[in-house]
Structures are given as C-alpha cells and as structure tokens.
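Read through the structure below, which is laid out as structure tokens, and then see the notes.
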Amino acid sequence: FLYTKQGGLCTLCNQHIEPKEAVLDHSHVSGRTRSVLHRGCNALDGKIFNALKRNGIGMDRLETFLQNY
C-alpha cells in the first residue's frame, strides 16, 4: 500500500525503488511505520542517526553541515 501511495519512490532520495529493494522504514522510538525506502537509503539513515547520537550532534547542526557540504 505505501509503495503504491508513494508512487514507487523512496522518500529519502526520491528515486524509483525496484520492489526487491523496497524496505519499510519505522521509528525506533514509536515503532510506527513511516514509509518505504531503498534498502541502501534505510541503512544509511540508520548509520547517520547512530553516528549523530554517538557524537552528540543535533539535527540543527546536521542541517547546517549538509547545507555547507
């Protein structure tokens, strides 16, 4: 259902997802399903947020970093 609702696009990179590469993304806080992502985008999302937490970096700092990258 989400895959179709999203038009077959990953909500992070906005590129088409082949069904075999589609995974459900969920919040580790609430457990709630958020969207369908590429397997690789989902893995990268986890790595980024684990690194942010480990290094004490907030979302505001990450946003500034990405704008200046």
Filtering helices (runs of 4 or more DSSP H) wholly in the chain for at least 1 residues that are under 13 Å from the mean Cα position of the chain (by Cα) and loosely packed, with under 11 Cβ neighbours inside 10 Å gives 39-55
Of (1) modelled with pLDDT of 95 or more; (2) in contact with a strand residue (DSSP E or B) (Cβ under 7 Å, 6 or more places away or on another chain); (3) not aromatic (Phe, Trp, Tyr), Leu2 satisfies every one except (1)
Contact list, first residue from the range 1-25 and more than 10 Å from Arg39 (Cα to Cα) and of a type in the set (Phe, Trp, Tyr), second anywhere and open to solvent by less than 100 Å² (accessible area, probe 1.4 Å) and at pLDDT 95 or above, beta-carbon distance below 8 Å, six or more apart or interchain, is Tyr3/Ile17; Tyr3/Ala22; Tyr3/Val36
Pairs returned, first residue in the range 31-50 that is aliphatic (A, V, I, L, M), second residue that is open to solvent by 70 Å² or more (accessible area, probe 1.4 Å), beta-carbon separation under 6 angstrom, 6 or more apart or interchain, are Leu37/Leu12
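The values are calculated or read from the model by the stated rules, or taken from the named source; none is laboratory data. Keep in mind it's a predicted model, so treat the numbers as computed, not measured. Cβ sites come from the backbone with ideal geometry, for glycine too, and all protein chains shown count toward neighbours. Keep in mind that these areas ignore ligands, DNA and RNA; they rest on the heavy atoms of the full protein, side chains included. Shrake-Rupley method; radii C 1.70, N 1.55, O 1.52, S 1.80 Å.
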